[in-house]
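The next block holds one structure in the form of structure tokens; read it before the comments.
The values are calculated or read from the model by the stated rules, or taken from the named source; none is laboratory data. In this text the structure is predicted, and so the values were computed from the model without any measurement. Ideal geometry is used to build each Cβ from the backbone, glycine not excepted, and the neighbour counts take in all protein chains shown. Heads up: the accessible areas ignore ligands, DNA and RNA and are worked out on the full protein's heavy atoms, side chains in. Shrake-Rupley method; radii C 1.70, N 1.55, O 1.52, S 1.80 Å.
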Amino acid sequence: MPWDISFALYAYVKNSDDGAQIVEQIVPFFGPEWTNTVNVVPSMGIKMDVPTILQGLTVDDVYEGDYDSRQTLVYTFNFTMKGWFFGPVRAQGV
């Protein structure tokens, strides 16, 4: 049974055009899931499909000072990855 590992990716941009370009390059790969084959234990030749799920995207406007001051847009991509944890590989006699 895999673990659900949640993480976030933050993109800080100065204007909305830059943010839209970042979103356009990330979101199409998730529908809402992207699966990658990973060689998780190379010494044993164990390869697994690891799905990463885009849970959501939020945009926050952050202003420092008055309205004419610098604007910062924060795009937050929330992901959940189905991951496995393995103990160390040991060579032992019978």
Here the residues within region 58-72 that are of a type in the set (Val, Ile, Thr) and either open to solvent by less than 60 Å² (accessible area, probe 1.4 Å) or modelled with pLDDT under 85 (or both) are VAL62, THR72
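So if I check each of VAL23, VAL41, which one is open to solvent by less than 50 Å² (accessible area, probe 1.4 Å), more than 15 Å from TRP84 (Cα to Cα) and of a type outside the set (Phe, Trp, Tyr)? If you could, list the steps in order and put the result at the bottom.
Working: VAL41 fails: more than 15 Å from TRP84 (Cα to Cα).
Residue meeting the stated conditions: VAL23.
Here's the yes/no breakdown for (1) at pLDDT below 90; (2) more than 16 Å from VAL74 (Cβ to Cβ):
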| site | (1), (2) |
| --- | --- |
| TYR12 | no, no |
| SER16 | yes, no |
| THR35 | no, yes |
| PRO42 | yes, yes |
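Closer than 16 Å to LEU9 by Cβ and either polar (S, T, N, Q) or assigned to a strand (DSSP E or B) (or both): does that describe THR52?
Numbers: closer than 16 Å to LEU9 by Cβ: yes; either polar (S, T, N, Q) or assigned to a strand (DSSP E or B) (or both): yes.
Yes: the conditions hold for THR52.
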Which ones in region 8-46 are under 15 Å from the mean Cα position of the chain (by Cα), touching a residue at least 24 places away in the same chain (Cβ under 8 Å) and in a strand (DSSP E or B)?
ALA8, LEU9, TYR10, ALA11
Residue that is surrounded by the fewest Cβ atoms within 10 Å (Cβ to Cβ) [pool: residues in region 73-94 that are over 22 Å from ASP4 (Cα atoms) and modelled with pLDDT of 85 or more]:
VAL74
Quick test for you: out of ASP4, ASP49, pick the one residue that is among the acidic types (Asp, Glu), open to solvent by 70 Å² or more (accessible area, probe 1.4 Å), touching a residue at least 60 places away in the same chain (Cβ under 8 Å) and touching a strand residue (DSSP E or B) at 6+ places or on another chain (Cβ under 8 Å).
ASP4
